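In what follows, a structure is listed as structure tokens, so that the remarks can point back to it.
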Amino acid sequence: MERFNLLAQQLIDTVDAVLLPLFAGWRAQPVPVDDPVGAATQRVHVLREHRGACHLAAVRLSGLSAREAMVVHLGVEQAAHYGWREPGPAATALIPRWQRAERLTNELQAPLYVALSARQRAEFAQLVDVLTSARHS
């Protein structure tokens with residue numbers, strides 16, 4: 001847990017948060033010092049906010065509305081579950097835009113991971129896998 005926290009914080013500290021207000025707000029929150037699991041949970045959330053902000057920008061840059069993105073990705077039923085009134089069916093024509101948004105999200109996220117060496121990135125990915133496996137068991 002200690003190594004995950006160290007690498008995650010290194011990633012978090014490198015981000016220019018000028019256009020990422022939710023990320024910046026969460027990053028500014030104090031991290032639990034006597035609770036490594038709580039600290040890891042918070043860091044996962046902060047990194048998730050970074051990805052979320054990148055994804056929202058990518059969705060809009062790809063010409064999708066939030067409703068369209070929700071319908072294409074999750075389906076009409078889930079969109080309705082999240083409160084979209086009459087979301088309508090996902091148009092096949094929107095799928096390439098969704099795929100573009102996914103690619104752009106990855107491109108916007110990539111610079112974050114340059115803060116780690118190739119070895120550290122591999123280690124971080126392995127630690128994320130371990131944490132994910134622990135959560136599901």
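Brief remarks follow.
- Added length on full extension, which subtracts the Cα-Cα distance from 0.36 nm per residue, Leu74 to Leu19: 17.1 nm
- Over 17 Å [Cα-Cα, segment 1-60], rounded percent: 35
- Net charge of the neighbourhood of Glu68, taken over other residues with C-beta under 11 Å away and scored Lys/Arg +1, Asp/Glu -1, is +3.
- Applying Stokes-Einstein at 20 °C and 1.002 mPa s to the Kirkwood radius of the chain, computed over alpha-carbon pairs, gives a translational diffusion coefficient of 129 µm² s⁻¹.
- Fully extending the segment from Tyr113 to Leu56 would add 18.6 nm, taking 0.36 nm per residue of separation and subtracting the current Cα-Cα distance.
- In units of the compact-protein estimate 2.2 N^0.38 Å, segment 69-127 shows a Cα radius of gyration of 1.61.
- Computed from phi, the 3J(HN,Hα) profile of segment 120-125 under the Karplus parametrisation 6.51, -1.76, 1.60 (θ = phi - 60°) reads 5, 4, 5, 5, 4, 4 Hz, with x in place of Gly and Pro.
Only the coordinates and a few stated rules stand behind these numbers; no lab work does. Predicted model, so just to flag it, every value in this text is computed and none were measured. When we count neighbours, we look across all protein chains shown, and the Cβ atoms used for this are built from the backbone with ideal geometry, even at glycine.
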